[in-house]
Structure formats: C-alpha cells, structure tokens
1. Answer yes if at least one residue in the stretch 18-38 is loosely packed, with under 13 Cβ neighbours inside 10 Å, under 23 Å from residue 107 (Cβ atoms) and touching a helix residue (DSSP H, G or I) at 6+ places or on another chain (Cβ under 8 Å), and no otherwise.
2. Give all pairs with beta carbons closer than 6 Å in which a residue from the stretch 82-94 that is outside any helix (DSSP H, G or I) meets a residue that is buried (at least 23 other Cβ atoms within 10 Å of the Cβ); count only pairs at least 6 apart in sequence or on separate chains.
3. For the stretch 1-50, enumerate the residues that are outside any helix (DSSP H, G or I) and either of a type in the set (Ser, Thr, Tyr) or over 18 Å from residue 82 (Cβ atoms) (or both).
Amino acid sequence: MRLFLRLENATVALVALGAYWHLGAGWWLFLMLILVPDVAMAGYLWGPRIGAICYNALHSYIGVGLLLILAYLTAWDLAVAIALIWAVHIGLDRALGYGLKHMSGFHDTHLGRIGQPVTK
C-alpha cells in the first residue's frame, strides 16, 4: 500500500509539473517557491506536536485545492501557478516517503517511518 501511495503521489507531481509547464509560468517562479512549504519544519522548534501541525498544514492537498478554487473564482493566473508548484512539492515529498507527520515525531508519517524500506 505504501508503495502504491508513493507512486500515486509521483504521478500527481508529474501531472502538476506538466500543467505548470503548459501554463507557461516562469521557471524562476518555480525555483523560488518549490521549497517554501518546508519552512513549516520550523514548527518543530516548538516541539513535535506544533511541528506536525505546521508541517501538515503546508503539506496537505487541501490548501492546494482551496488556492485553485480562489484562482478560478478570481481568474488569478499567479495563484494557479503557485498551487501547481505547491502540488509538485507535496507530490515529490510523498513520493520520497515524506508523508504527513504524526505528533510523535518528524520521522513518523502516514507513509511509515522515514528511512524504513518500502516493502508493502
């Protein structure tokens, strides 16, 4: 199941990347923003509970979806580009095994413990 979830998210990342390319937004914007969601890891400075909440808030597709709705309702092309970059980031993270965090610690995710081999 974990392997399937990782492959599924790799697909999301590739589709979002293709959509971003098709949108024609600048690659400078992509490079500037691709790692922005990882700023949420600073939440771990206040402990694993706050860290998990911060990390999960910026690594959930819910935010991407809400931003896309806003972009659609306002015809805001920049928001579409940002949402696609965000989706690429989340998809790549999950494809690499960095899932949503449990409050027990950074290494415990919904995809299993970071660093454990994917066997199922």
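1. yes
2. From the stretch 82-94, no pairs qualify.
3. If the condition is that a residue be outside any helix (DSSP H, G or I) and either of a type in the set (Ser, Thr, Tyr) or over 18 Å from residue 82 (Cβ atoms) (or both), then 1, 47 are the ones that fit.
Yes/no per residue for (1) small (Gly, Ala, Ser); (2) modelled with pLDDT under 95; (3) within 27 Å of residue 4 (Cβ to Cβ):
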site	(1), (2), (3)
52	yes, yes, yes
76	no, no, no
79	yes, no, no
82	no, no, no
86	no, no, yes
98	no, yes, yes
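The values are calculated or read from the model by the stated rules, or taken from the named source; none is laboratory data. All of these numbers come straight from a predicted model, not from anything done at the bench. No Cβ is skipped: glycine too gets one built from the backbone with ideal geometry, and neighbour counts run over all protein chains shown.
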